[in-house]
Amino acid sequence: MKSLENPGELVREVRACNHRAVARLLSIVESGSRRAVPFLRELFPFTGRSFTIGITGAPGAGKSTLVDRLADVYRTQEKKVGIIAIDPTSPFTGGAILGDRIRMQSRCVDPGTFIRSMATRGHMGGLAGATSDALTVMDAAGFEIVIIETVGVGQGEVEIAQTADATIVLLVPGMGDDIQNMKAGIMEIADIFVINKSDHPGADKTESDLRALISLSSRMDGWKPSIVRTAALENLGIRECADAIEQYRLFLQRSEIQRNQTIQKQRNRILELFCRKAHEIFLQNKEGEAQINNLAALVVDRKIDPYTAADRIWEHIVEIITAVEGKNPENATDS
């Protein structure tokens, strides 16, 4: 591992798909350290080749099993597969509860598959805060298919649609009021609906309800979400699911939709990084933490409103940036 202490060597090893190097860089990325940024900048020109599949759904719907079975299909096609399994943060250690690796043990010994469990660490929306950066690393490493399994938080889990190229929403028959379960944001994000455990009672009703909802809705891109029935544990319907993903991938290729979606995703990413940068600049300043606490107290006492408080924070950030530029203009953007 000594060679991996050299940043240039680490980048080369990642691009060569050295799993130890990929794991090492992902650890740096997950730590939130600014040390990851130079690596990500160097790797970014070599990205844009992987196809990302997001799989979301309620806990217990069978997401991990479906991921495992889909990975097997792609490996038979000799494609390198990366898997990012988002796990709940442990209340004791702060790390990921590695339930996904328990269900994917067969994948761990496959040299063409790389699995990374990531803790949410308080990040909302079903993903970890470092998911986008992890995708950059896996893309540059040459994984043709990257599957993201979200933590499974329910109706509010829509962030995956802003990250993945194709979003699969996993449903299970007999989980109460199906229409109620399918409402809210999660209904709008699906490119493909998978009814897993479709050998259970209620699968026909779930499918008919889905078809009714899809017929009443329309998407700007003209795509009608596919419905696939699977029993992942029995390895049934997995090929059909992979075929539905391929149909959607081809649909994206035949239109300008994919480019427009990618532009939107990068726009969101730029804004996210900008907000993170502003947050870091403010809190790294020794007076920042005290100032935000004072402003919060003033808002509670109704002496100022939150909007004025936000304006004051922004003014303070501008002052910090101006001071840094005056001292060291060439490094101001890296402060």
HN-Hα couplings for region 202-210 via Karplus (6.51, -1.76, 1.60; θ = phi - 60°), in whole Hz with x for Gly/Pro, come out as x, 5, 5, 5, 4, 5, 5, 5, 4
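For every other residue with a beta carbon closer than 12 angstrom to the beta carbon of Glu240, add +1 if it is Lys or Arg and -1 if Asp or Glu, then tell me the sum.
Numbers: positive: Arg69, Arg229, Arg239; negative: Asp243, Glu246.
Summing Lys and Arg as +1 and Asp and Glu as -1 gives +1.
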Could you derive backbone 3J(HN,Hα) for region 55-69 from the dihedral phi with the Karplus parameters 6.51, -1.76 and 1.60 (θ = phi - 60°), listing whole Hz in sequence and x where the residue is Gly or Pro? 10, 10, x, 5, x, x, 6, x, 4, 4, 5, 5, 4, 4, 5
Excluding residues fewer than 8 positions from Lys80 in its own chain, the aspartates and glutamates with Cα under 15 Å of it are Asp68, Asp72, Asp110, Asp139, Glu144
Amide H proximity to Met118 below 5 Å, modelled H, separation 5+ or other chain, gives Ala85, Ile86, Asp87
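Once the other residues with Cβ under 9 Å from the Cβ of Glu13 are scored (Lys, Arg +1; Asp, Glu -1), what is the net sum? If you can, show how the numbers build up before the last one.
Details: positive: Arg12, Arg15, Arg20, Arg24; negative: Glu9.
Surrounding charge for Glu13 is +3.
What is the local net charge at Phe51, summed over the other residues whose Cβ is closer than 13 Å to its Cβ (Lys, Arg +1; Asp, Glu -1)?
Numbers: positive: Arg49, Lys79, Lys80, Arg249; negative: Asp139, Glu144, Asp165, Asp191, Glu246.
Combined, the nearby Lys, Arg, Asp and Glu give -1.
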From largest to smallest, what semi-axes in whole angstrom does region 196-315 give when each is the square root of 5 times an eigenvalue of its alpha carbon gyration tensor? 48, 21, 16
Vicinal HN-Hα couplings computed from phi for region 308-323 (Karplus, 6.51 cos²θ - 1.76 cosθ + 1.60; Hz; Gly/Pro x): 5, 4, 5, 4, 5, 4, 4, 4, 5, 4, 4, 4, 4, 4, 4, 5
Probe radius 1.4 Å, ligands and nucleic acids ignored: give me the carbon and sulfur share of the accessible area of region 215-293 as a rounded percent. 56 percent
Gap in Å between the Cα centre of region 228-298 and the Cα centre of region 41-90? 14 Å
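If the limit is 26 Å between Cα atoms, which of Lys197/Lys224; Lys63/Lys265; Lys79/Lys277; Lys277/Lys303 go over it? Can you show the working numbers first?
Values: Lys197/Lys224 23 Å; Lys63/Lys265 24 Å; Lys79/Lys277 36 Å; Lys277/Lys303 29 Å.
In this structure, Lys79/Lys277; Lys277/Lys303 exceed 26 Å between Cα atoms.
The values are calculated or read from the model by the stated rules, or taken from the named source; none is laboratory data. Computed from a prediction, not measured in an experiment: that's the story for all the values here. In this analysis, Cβ positions are derived from the backbone assuming ideal geometry, glycine residues included, and neighbour counts consider all displayed protein chains. SASA here: full protein model, heavy atoms, side chains in, ligands and nucleic acids out. Shrake-Rupley method; radii C 1.70, N 1.55, O 1.52, S 1.80 Å.
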